[in-house]
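One structure is given below, encoded as structure tokens.
The values are calculated or read from the model by the stated rules, or taken from the named source; none is laboratory data. The model shown is predicted, which means the values in this text are computed figures rather than measured ones. Here the Cβ positions follow ideal geometry from the backbone for every residue, glycine too, while neighbour counts run over all protein chains shown.
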Amino acid sequence: MEKQFHVRVDLERCKGCELCIDACPHDLLVMSKRINSKGYRVPDNHADEQCVGCRQCVDMCPEAAIEIDKEDKIDG
């Protein structure tokens, strides 16, 4: 059994600084065209299944708007 990680961005806390995008060593986050209620563009996770759970995006976010969820994945 291996772990599957999911990047979750609180879109309303995000201020669109793009630091999470630069921090991700696997280039999983990209800026989307979506805009939150404060008028900021927000990131999108375009390859969630490739996340290794390194938490670099979480550690870099000054707004604490990112969390990594972990679940067990059954191979087969």
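Quick notes on this one:
- Note on segment 24-47: residues that are surrounded by 15 or more Cβ atoms within 10 Å (Cβ to Cβ) and closer than 18 Å to ILE68 by Cβ total 7.
- Extreme residue, nearest to ILE66 (Cα to Cα), among residues of segment 8-23 that are modelled with pLDDT under 95 and surrounded by 15 or more Cβ atoms within 10 Å (Cβ to Cβ): VAL9
- Failed condition for PHE5, given (1) part of a strand (DSSP E or B); (2) surrounded by fewer than 16 Cβ atoms within 10 Å (Cβ to Cβ); (3) touching a residue at least 12 places away in the same chain (Cβ under 8 Å): (2)
- Annotation note: of ILE21, ILE68, the sole residue that is under 19 Å from LYS3 (Cβ atoms) and in contact with a helix residue (DSSP H, G or I) (Cβ under 9 Å, 6 or more places away or on another chain) is ILE68.
- Filtered residue count, segment 19-76, keeping only those that are at positive phi and among the aliphatic types (A, V, I, L, M): 1
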